[in-house]
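K.L.:
Please see the structure below; I have some questions.
Readers should treat all values here as calculations from the given coordinates under stated rules, not as data from a laboratory. Treat the numbers as computed from the prediction; the structure is a model and nothing was measured. Cβ sites come from the backbone with ideal geometry, for glycine too, and all protein chains shown count toward neighbours.
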Amino acid sequence: MDPRMKSFTQTGSELEELLEFLEKDLENVKRVIETVKDFDMDFEVHAKAETVDESVKHSQLDKNRIIKTLIFKCGEDFVAVMCPGDKRVDENKLSDLTGKKVRMAHPREVKTETGYIVGGVSPFNLNIPIYAAKSIPEGSVRPAGGSRVIGVKTTRSELFELLDPKIAVISEE
């Protein structure tokens, strides 16, 4: 067996749920793979995780290393914000940064604007400006891989090199 291959055990109902998510998210996962393939990043498949706390449980990483990608409506435009899982985006700071009135995008707007589903929004392959909280830690981090069951194993420096986000103090400290 290939040493890179790992196995995990699931019940039949858990596997059905995993396959249902993968079916819905397959095109999004392919988008992410295409975007990161030149960076030789690995992917982590885990049980469904719609929250940071669930992601931590499945990935064995500290909460601050799970990177949320949140979509905001800024005036008439949309922006993505990457933020550590243990922080919240300060909408007032984001508003000051963009010079526009800011609100969290509704799930329907997120899907329409990015193609991703809330809980599985990936920072990769977006056609909107991307901001990154300065508080994202150095070292290993896990943004979503286009699904609520897949994370991308990367580092802060690789993530920033690939995405070239605008780095700012935009999380609540």
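K.L.:
Between residue 140 and residue 153, what is the spin-label point distance in nm, taking each point 7 Å from the Cα along the Cα→C-beta axis?
P.N.:
Each label point lies 7 Å from its Cα, and together they span 0.7 nm.
K.L.:
Still on this structure, please answer the following. Where nothing but the Cβ of Lys and Arg (+1) and of Asp and Glu (-1) is charged, how large is the charge dipole of the chain around its Cα centre, in debye to the nearest 20?
P.N.:
Charge dipole, the chain, about its Cα centre: 340 debye, nearest 20.
K.L.:
For region 48-110, which trypsin sites (Lys or Arg not before Pro) pass both filters: DSSP loop (anything but H, G, I, E, B) and at most 11 other C-beta atoms within 10 Å?
P.N.:
Taking region 48-110 and a limit of 11 other Cβ atoms within 10 Å, the loop trypsin sites (Lys or Arg not before Pro) found are 101.
K.L.:
Same structure, new question: List the relative contact order of region 37-84 as a percent without decimals, with contacts defined as Cα pairs under 8 Å and 6+ residues apart.
P.N.:
Contact order relative to length: 25 percent.
K.L.:
Using a Gaussian network for the chain with springs between C-alpha atoms less than 10 Å apart, which of these wobbles most: 145, 99, 120?
P.N.:
99
K.L.:
Still on this structure: Using Cα positions and a limit of under 23 Å, work out the lysines in reach of residue 134, with same-chain residues fewer than 8 apart set aside.
P.N.:
63, 68, 73, 87, 93, 100, 101, 153, 166
K.L.:
For a quick check, take a GNM of the chain with Cα springs below 10 Å and name the residue from 13, 140, 55 with the largest mean-square fluctuation.
P.N.:
13
K.L.:
What ranking of 114, 98, 51 emerges when the number of other C-beta atoms within 10 Å of each C-beta is taken as an exposure proxy, fewest first?
P.N.:
Going from sparsest to densest Cβ surroundings: 51, 98, 114.
K.L.:
Over the chain, what is the mean sequence separation of C-alpha contacts under 8 Å (at least six apart), divided by residue count, expressed as relative contact order in percent?
P.N.:
The normalised contact order for the chain reaches 27 percent.
K.L.:
DSSP loop GluC sites (Glu not before Pro) in region 46-113 with at most 15 other Cβ atoms within 10 Å of their Cβ, which ones?
P.N.:
50, 76
K.L.:
Top mean-square fluctuation among 71, 128, 136, Gaussian network model of the chain, C-alpha springs under 10 Å?
P.N.:
Largest GNM mean-square fluctuation: 128.
K.L.:
On a full-extension model of 0.36 nm per residue, what is the gain between residue 50 and residue 86, subtracting their alpha-carbon distance, rounded to one decimal in nm?
P.N.:
Length gained between residue 50 and residue 86: 11.5 nm.
K.L.:
When Cα Rg over 2.2 N^0.38 Å is calculated directly from the model, which label among (1) 1.06; (2) 0.95; (3) 1.01 fits?
P.N.:
Label (3) holds the value from this structure.
K.L.:
Around residue 117, under 9 Å between beta carbons, what's the net of Lys plus Arg minus Asp minus Glu among the other residues?
P.N.:
+2
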